[in-house]
1. Among residues other than Ala178 whose Cβ falls under 15 Å from its Cβ, what is the net charge (Lys/Arg +1, Asp/Glu -1)?
2. Calculate the FRET efficiency for Ser65 and His41 from the Cβ-Cβ distance with a Förster distance of 22 Å, rounded to the nearest 0.05.
3. Once you place label points 7 Å from the Cα toward the Cβ at Lys152 and Leu126, how far apart are they in nm?
4. If the limit is 25 Å between Cα atoms, which of Lys105/Lys152; Lys164/Lys210; Lys152/Lys210; Lys161/Lys215; Lys94/Lys215 go over it?
5. Work out from phi, with θ = phi - 60° and the Karplus expression 6.51 cos²θ - 1.76 cosθ + 1.60, the ³J(HN,Hα) of each residue of region 201-215, listed in order in whole Hz, and give x for Gly and Pro.
6. Relative to the present Cα-Cα distance, how much length would full extension add between Trp196 and Asp31 at 0.36 nm per residue of separation?
7. What are the ³J(HN,Hα) couplings of region 31-39, residue after residue, when phi is run through the Karplus curve with 6.51, -1.76, 1.60 and θ = phi - 60°? Round to Hz, x for glycine and proline.
8. Mind running the shape call on region 143-197? Use the C-alpha gyration tensor, a ≥ b ≥ c as the square roots of the eigenvalues: rounded below 1.5 for a/c, prolate if a/b tops b/c, oblate otherwise.
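Read the figures in this text as sums done on the coordinates, not as results from a lab. The structure presented is a predicted model; accordingly, all values stated were derived computationally and were not measured. Note that we place each Cβ from the backbone using ideal geometry, even for glycine, and neighbour counts take in every protein chain shown.
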Amino acid sequence: MPNPKSSPSVRDGDSQGRSNQKLRTRQALIDAAIALRDEGHDPTVAQVAKRAMVSRATAYRYFPSPEALISETAAERDIKPLEQIWRPGDDPVKGIGLAAQALNKVLIDDEIGLHVMERSFMTVWLENPSPQTPLRPGRRMSYIEPIVDSLKDVLSPRARKRLKQALSIVMGTEALIAVRDISRASVEESLDTATWAARALVRQALAEEKQARHKRNRSRSAPGESQ
């Protein structure tokens, strides 16, 4: 007697189960790689597969190279929620400095992963220079946007947009690689410089807006203005 066909709900359940299993396997590999790196190793995909208790073939399906795996572990590093650093109503200048320090420290604490992650981003871009999806997770913006948007009553939309773009230059992988590799700064100097630059950008944006407001007020009160 032929087996009855599976109902759509059964097929959907099987598909969801397989999808969840793939996510669990992928996360197990990432967790194993992080554990090995925290122990001071520079693991191969095979070593990670052994720690995660999956086959090498399975591991290579998820991560075809050690670089891909290291890049992923770097992206998985914990970043503090913004609420632990800054809340609406707090000083935005101080807040952006704390945010830059927190984000950049997580990245620079894993400097090998930092460089591998940047190389991974560049490789993806070279292989597909017009991607439909962002190449980077953009985690820095989860810090930058709320702090800058808290200045909506002070800065114009155009000024806020420019400030966000400027801050993205001094927070993240590219900023740290530049100051470490080109300026030859120490880890401490790199973090201090990025923090100083982030605060300076916010101060400058506020100063420019204050100057522009003063100029507008002077123009309105100038003698000879039409009544």
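1. Neighbour charge sum, excluding Ala178 itself: -2.
2. Rounded to the nearest 0.05, the efficiency is 0.85.
3. It works out to 4.2 nm between the two label points.
4. In this structure, Lys105/Lys152; Lys94/Lys215 exceed 25 Å between Cα atoms.
5. Residue by residue, region 201-215 yields 5, 5, 4, 5, 4, 5, 5, 5, 5, 5, 5, 5, 5, 4, 5 Hz.
6. Separation in residues times 0.36 nm, less the Cα-Cα distance, equals 56.0 nm.
7. For region 31-39, the Karplus curve yields 4, 5, 5, 4, 4, 5, 5, 5, 7 Hz.
8. Numbers: a/c = 3.46, a/b = 2.70, b/c = 1.28.
Cα axes put region 143-197 in the prolate bin.
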